[in-house]
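Report on one structure; see the data block that follows.
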Amino acid sequence: MFNQKPIKLTLGVMTLASLILLSFSSIGVTQTATGSNNTNEEEESIADSVPDRRKGGASRRPQPSENNEENDDEEMVQAPRRRKPAASRNDYQCNFNPQELVALIPENLRGKTSVDSPTLYFSVPAITPNTEIEFVLRGPQDELVGKQTFSGQGRAGIMSLKLPKVPRLSAPNTKKSYHWYLSVICNQSDRADDVVVEGLLQPVTLESNQVQQLERATLQEKLNLYQSYDLWHEKLDALATIKRSQPQNSQASQQLGQLLEYVRLDASLGQQPLLETQRLSL
């Protein structure tokens, strides 16, 4: 996608920031161009509509079913199709500004991955431990793949969700995407007050030589290869791993911020602490 050969990194972490600044400079433009291609067959693989944005700027309101069949609440989860501006709400059921919940994904909401157990990242406010968060993964035909609820950690920062090995992701088809939702349940008696972010997970298959390159590469070399192969979730996870392993190194946070800035997110999000990884079982 980036039309450039992988570059081996032999320098330390301090040099890595400069490399990222150069190699990721086209991400924002590329992602924008991809998101605007509404005639692409990939964009039509999700039933109904492509999600609209990464920030939890409003609550969701479920829409009535278009047929007379009753939906099983345990099997179907209504996609958020209408959002209200946060400014229109006089109070927040969750006691935080909904726009503080941000999915760390490209601008077109589509993140590619070559692994069957990817990690998703979110910038979250201090969600209290007695507040439930729900993650839902739906398949290319809008079928339910799995869902799980867990509690907030009571701290603001970057939250990571490690997905389990999903059999359907282990046999990727580049023309199919998976639709996920992260909902903070602000009012258990009325799910219309949920604060929701959502995105598309697109599995891809690497060539055998690409797999071999990754197997031989160091963490820093892998980062450059992920950029070349357009693997968003692997790129972000690698940077988060560097940041987690070197908590006192401000350069690691700067590198993460630069990547987020190139997909038009606030670079300051990269300065946030990394929260404990939530391992999902779905």
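The values are calculated or read from the model by the stated rules, or taken from the named source; none is laboratory data. Keep in mind that this is a model prediction, so the values were computed, not measured. For neighbour counting, all protein chains shown are included, and Cβ atoms are generated from backbone atoms with ideal geometry for every residue, glycine included.
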Review point. What tally of residues in region 107-149 results from selecting those that are surrounded by fewer than 17 Cβ atoms within 10 Å (Cβ to Cβ), assigned to a strand (DSSP E or B) and of a type in the set (Gly, Ala, Ser)?
Key: 1
Point to revise | Residue within region 150-161 that is in contact with an Asp or Glu (Cβ under 9 Å, 6 or more places away or on another chain), surrounded by fewer than 18 Cβ atoms within 10 Å (Cβ to Cβ), in a strand (DSSP E or B) and not small (Gly, Ala, Ser) present | key: yes
Exercise for review: Tell me which of these residue 156 doesn't satisfy, since it passes every other one: (1) among the small types (Gly, Ala, Ser); (2) over 20 Å from residue 237 (Cα atoms); (3) more than 16 Å from the chain's Cα centre (by Cα).
Suggested key: (2)
Point to revise | Any chance residue 212 is surrounded by fewer than 22 Cβ atoms within 10 Å (Cβ to Cβ) and at pLDDT 95 or above | key: yes
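Do any helices (runs of 4 or more DSSP H) lying entirely in region 178-282 carry at least 3 residues that are touching a residue at least 24 places away in the same chain (Cβ under 8 Å) and polar (S, T, N, Q), and which ones are they?
Here the list reads 219-229, 250-262.
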Check your understanding: Can you tell me which residues in region 216-250 are modelled with pLDDT under 95 and surrounded by fewer than 17 Cβ atoms within 10 Å (Cβ to Cβ)?
Key -> 218, 219, 241, 244, 245, 246, 247, 248, 249, 250
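Yes or no, residue by residue, for (1) over 19 Å from residue 241 (Cβ atoms); (2) in contact with a helix residue (DSSP H, G or I) (Cβ under 6 Å, 6 or more places away or on another chain):
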| residue | (1), (2) |
| --- | --- |
| 99 | yes, yes |
| 110 | yes, no |
| 128 | yes, no |
| 132 | yes, no |
| 159 | no, no |
| 170 | yes, no |
| 181 | yes, no |
